[in-house]
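Have a look at the structure below, then the notes.
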Amino acid sequence: VGAVGQDSCKYRCNITGVDTNYDCQCNWPYCDQYGDCCNDYSQLCSGIGQPSCKGNCDAPLNTSWTCQCNKPCVTYGDCCPDYIAECAGGGTNPDPISDDELTNLSESLHSAESANNIVDRPI
């Protein structure tokens, strides 16, 4: 049985693996498959299996995540794709993103898209 406050997906959305320190999990699609998702999973987590800042804004650095959801991610270029929408534009982060941070993030995303040969295509 986990300690008080450990039965939540706050800061744990869509992480990989099972954390035996918790009674419930937040690792889509497995927690849904095994029926051990936390009660707040659908509210806090995207549930789409993609890295997301939903429910993770201002989470401390977690090296098991493929991207981050805190202000330093802008500097390091490792923000999750929805960082701005979830954390800097009305999410749980009360501090607006600065112009410099937005520029750094934009440049990082552009570099990542270029490295992965992602181009804009008309719909």
Failed condition for residue 22, given (1) modelled with pLDDT under 85; (2) of a type in the set (Ser, Thr, Tyr); (3) assigned to a loop (DSSP other than H, G, I, E, B), with all others met? (1)
Quick check on the stretch 41-50. Is at least one of its residues at pLDDT below 80 and on the phi > 0 side of the Ramachandran plot? yes
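Would you point out which residue out of 3, 59 is modelled with pLDDT of 85 or more and not in a helix (DSSP H, G or I)?
Details: 3 fails: modelled with pLDDT of 85 or more.
Selected residue: 59, the only one of 3, 59 that is modelled with pLDDT of 85 or more and not in a helix (DSSP H, G or I).
Those residues that are in a loop (DSSP other than H, G, I, E, B), over 16 Å from residue 85 (Cα atoms) and out of contact with any Pro (no Cβ under 9 Å at 6 or more places or on another chain), I need them from the stretch 25-47; list them, please. Before you say what the answer is, go through the steps one by one.
Kept after step one, since they are in a loop (DSSP other than H, G, I, E, B), are these residues of the stretch 25-47: 26-29, 35-36, 38-40, 45-47.
Now narrow it down to the ones that are over 16 Å from residue 85 (Cα atoms): 26-29, 35-36, 38-40, 47.
Selection gives 26, 27, 28, 29, 35, 36, 38, 39, 40.
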Scanning the stretch 60-70 residue by residue, those closer than 17 Å to residue 101 by Cβ and open to solvent by 70 Å² or more (accessible area, probe 1.4 Å) turn out to be 61
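Only one residue in 76, 41, 34 is surrounded by fewer than 19 Cβ atoms within 10 Å (Cβ to Cβ) and either closer than 21 Å to residue 20 by Cβ or small (Gly, Ala, Ser) (or both). Which one?
Values: 76 fails: either closer than 21 Å to residue 20 by Cβ or small (Gly, Ala, Ser) (or both); 41 fails: surrounded by fewer than 19 Cβ atoms within 10 Å (Cβ to Cβ).
Only one candidate passes the filter, namely 34.
The values are calculated or read from the model by the stated rules, or taken from the named source; none is laboratory data. Bear in mind that the values here come from a model prediction, so they are computed numbers and not experimental data. Note that each Cβ is placed from the backbone with ideal geometry, even for glycine, and that neighbours are counted across all protein chains shown. When the accessible area is computed, the model is the full protein with side chains, heavy atoms only, and any ligands, DNA or RNA have been set aside. Shrake-Rupley method; radii C 1.70, N 1.55, O 1.52, S 1.80 Å.
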